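Single-structure report; data block below.
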Amino acid sequence: MTTSATALTLDAPNILLTFPSGEFAVREALTAVLSGLDFLSLDLEESGAVELVLAEVLNNVVEHAYGDETPGWIEVGCAHRPNGLHFLVRDEGRPLPDGVLPIGQRPDISDVVDALPEGGFGWFLIQDLAKDVQYRRHDGLNLLSFRISVGIDHRVN
């Protein structure tokens, strides 16, 4: 995993990681991002939201953009702004179907707990916890950006 402070399309990110796709690399990246946010003194709920959203996004890249094919790289940029944390995730994997974000509807959980589906919660969680979620495919890259409303500066100017 490489860590850099170079600008992505985020203006001067606080954190910029590039790492190979894979579940162990994702775990290391999550740890690195959360450690990099220590300066914000996020509470447990805030850091949990960051970890959950980012884990869902990165696991989607590993499982769906790359799948069992030749693994590739993932880049995560994070910039702290007055209205929260802005993330940009880039990869060279397969594009989202039809080039659009999934709707992210709440899965039906009225069945018995043992009969609940394994998947289907990811995009709902991402779109429920994150704001301004946007996707585009550009020059062979998947670009997913989103904002998580944590670490907000509540000082009045």
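Given the criterion modelled with pLDDT under 95 and either in contact with a Leu (Cβ under 7 Å, 6 or more places away or on another chain) or part of a loop (DSSP other than H, G, I, E, B) (or both), identify the matching residue among Glu51, Glu63, Glu69, Glu56.
Residue meeting the stated conditions: Glu69.
Could you check segment 141-157 and list, in sequence order, the residues that are modelled with pLDDT of 95 or more, loosely packed, with under 15 Cβ neighbours inside 10 Å and not hydroxyl-bearing (Ser, Thr, Tyr)?
Across segment 141-157, the qualifying residue is only Leu141.
Out of all the residues in segment 34-48, is one or more surrounded by 19 or more Cβ atoms within 10 Å (Cβ to Cβ), of a type outside the set (Lys, Arg), in a strand (DSSP E or B) and over 13 Å from the mean Cα position of the chain (by Cα)?
Checked against the condition, which is being surrounded by 19 or more Cβ atoms within 10 Å (Cβ to Cβ), of a type outside the set (Lys, Arg), in a strand (DSSP E or B) and over 13 Å from the mean Cα position of the chain (by Cα), segment 34-48 yields no hits at all.
For Gly93, which of the numbered conditions (1) exposed (fewer than 13 other Cβ atoms within 10 Å of the Cβ); (2) part of a loop (DSSP other than H, G, I, E, B) fails to hold?
(1)
The values are calculated or read from the model by the stated rules, or taken from the named source; none is laboratory data. Remember, predicted model here, so these are calculated numbers, not experimental data. For neighbour counting, all protein chains shown are included, and Cβ atoms are generated from backbone atoms with ideal geometry for every residue, glycine included.
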